[in-house]
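Some notes on the structure that comes next.
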Amino acid sequence: MPLPPAPTKRAAMLPRGAYRQTAGEDEPDEAPAAAAVPSQPVGRPARKSRAAAAPAATAPAPGTRRSGAASTAALLSPAPAPTAAATAAALVPALAPAPAATAKRRASAAPKAAARGKRTADGPRKMFVLDTNVLLHDPTSLFRFEEHDIFLPMVVLEELDGHKKGMTEVARNGRQASRTLDALVAAQTADIAEGLKLNATGNVAAGGCLYFQTEPLDYDLPASLPQGKADNQILGVVAALRRTHTSREVVLVSKDINMRVKARALGLAAEDYQNDKTIDDVDLLYTGSLALPPDFWNKAGKKVESWQSGAHMYYRIGGPLAAQLMINQFVYFEAPGEPSLYARVTEIRERTAVLETLKDYGSSKNTVWGVNTRNREQNFAMNLLMDPDVDFVTLTGTAGTGKTLMALAAGLTQVLDERRYTEIIMTRATVSVGEDIGFLPGTEEEKMGPWMGALDDNLEFLAKGDGGNAGEWGRAATNELIRSRIKIKSMNFMRGRTFLNKYVIIDEAQNLTPKQMKTLITRAGPGTKIICMGNLAQIDTPYLTEGSSGLTYAVDRFKGWPHSGHILLARGERSRLADFASEVL
């Protein structure tokens, strides 16, 4: 009696649909690994080792064309080194399908994983086609997709070459991306068409491969899309890869909204580059303050330990609330008929937290260069600005909340009155709201003059003292003396500098990228205090959002550090006209 045919031959003779009905839709982990072995192009004899290990998943589906593009895509599929375990796993057919609940859970998790480049429970690796603006926005984006593969069309390399000249942030990112690609190519001796290991240069988090477009791909786009435009060529590459790589998901990643809209209109998967976003929703950003529950004293009053040291009262609290607090976070208690409490977290130990009462800068006795705070959040901010132990302060809020005025008032007091710092250095991102006015004449400070209108407005108010007691130095100071202690610097010349005992104000910080923010903060030397402030609702930098702004990045990374603090200013104090316009316009 003759023996039955081998499982591999039998699976190869079955149609794709019949094999899926036999083995189940959700194959075990060994199936995708075996399916990743590239099939041989048409007209080239298959090597013996790969022919023996070819599973049924590599067989073409009924109706699939075998064209030159298909053979090219077969060459570009990942080629892991075959091992004995992998060969044995490829020869063993799937034993049982995954449960229906597990398959449903994997399907629901797939879109989120595609958006951030995260791995799914199992299944074949995805292929992400990167647009040029992704590399220009984040040169390290090649290593942000974990075990998934990346494909770069040839037109992307052409556009990178066109952006490499200049001294702008985009040009620097383009050069960095080109150097990264050169390092990946030089670090490996493998054929570039077989894929380059992304972890070859030490980025162990990247487990996928990088593929370049080495041959023309056959694709058909609507006649209404010009064939010579770079965006349309990238869309054509995505369409060709999707047709040839039917067993895996091909996703276009682009920062261009119109590009993603066109891709989805053509039925192609497209996602925004999410890895640069600190948070998905700006409403979840750390605010720096927390309201105590109305029954706080009733529940924790008997367990609270209190003592006085100098002008401040201290409270040691415990329970679940202490686990939610961070160092330099502000807490407040306001209830009708009960005394209010405004304090700052100064110590967290095990399951307890120590609260320190604040100095009331809203009182006329505690005027800062003629300025008094007008609401709760402003008082929180002024306590941070006047604290010498806090080296880094971030202030966010809408227009008219007093960010620049309070930062300047605190800086003048600590520079001229207390002699804590030698001078004030002020800079900002030079991003225009409207059309650019062109090149400006003069020195560095004169060129920055038109961008510093907010500084002039606030200095005019502070020089008058607003009728308050500005102190001995404040009364005798003139505008020339004040301006002699304030230096206006451009961000373009910050690299390589070190600020010693300076009071640095970074205005309009919402327009900075995380890389620019890091460059500025790392300029701080001993005795320097940095204040970053901005309105996350007024971002003018292209491809920068509230979630990916450098200001958001700094707030999230510095929260809980003992020498930093953050406050969200929620109430405008500029004028009733400005407050009403912020609400209704």
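Here are a few things to note about the model shown:
- Estimated FRET transfer efficiency when R0 is 30 angstrom, pair ARG419-ALA399 (beta carbons, to 0.05): 0.35
- Annotation: amide H-H contacts under 5 Å for CYS532 (H modelled 1.01 Å from N, sequence separation of 5 or more, or interchain): VAL393, THR394, LEU395, ILE506.
- The Cα atoms of the stretch 204-281 give a gyration tensor whose axes a ≥ b ≥ c have a/c of 1.5 or more with a/b no greater than b/c, which makes the shape oblate.
- What a 1.4 Å probe finds exposed on the stretch 235-278 is 45% carbon and sulfur by accessible area, rounded to a whole percent.
- The separation of the stretch 167-231 from the stretch 261-306, counted between C-alpha centres, amounts to 35 Å.
- Given LYS164/LYS489; LYS164/LYS559; LYS126/LYS518; LYS164/LYS487; LYS487/LYS518; LYS255/LYS502, the pairs whose alpha carbons are separated by over 29 Å: LYS164/LYS559; LYS126/LYS518; LYS164/LYS487; LYS255/LYS502
- Estimated FRET transfer efficiency (ALA537, GLU305; beta-carbon r; R0 51 Å; 0.05): 0.75
- Protection proxy ranking of 342-348, 147-153, by the mean of other Cβ atoms within 10 Å over each peptide's residues and highest first, is 147-153, 342-348.
- Extension gain (nm, one decimal) between GLU573 and ARG264, 0.36 nm per residue minus Cα-Cα: 106.7 nm
- Using distinct alpha-carbon pairs, which all enter the 1/r mean, Kirkwood radius of the stretch 313-414 in Å: 14.8 Å
- With bins 5 Å wide beginning at 0, the percent of Cα pairs of the stretch 516-585 falling in each bin runs 3, 11, 20, 21, 17, 14, 9, 4, 1, 0.
- Highest average packing first - 157-163, 390-396, Cβ atoms within 10 Å: 390-396, 157-163
The values are calculated or read from the model by the stated rules, or taken from the named source; none is laboratory data. Remember, it's a predicted structure, so these values are computed and weren't measured experimentally. No Cβ is skipped: glycine too gets one built from the backbone with ideal geometry, and neighbour counts run over all protein chains shown. Each accessible area value is taken on the protein alone, full model and side chains, heavy atoms only, with ligands, DNA and RNA left out. Shrake-Rupley method; radii C 1.70, N 1.55, O 1.52, S 1.80 Å.
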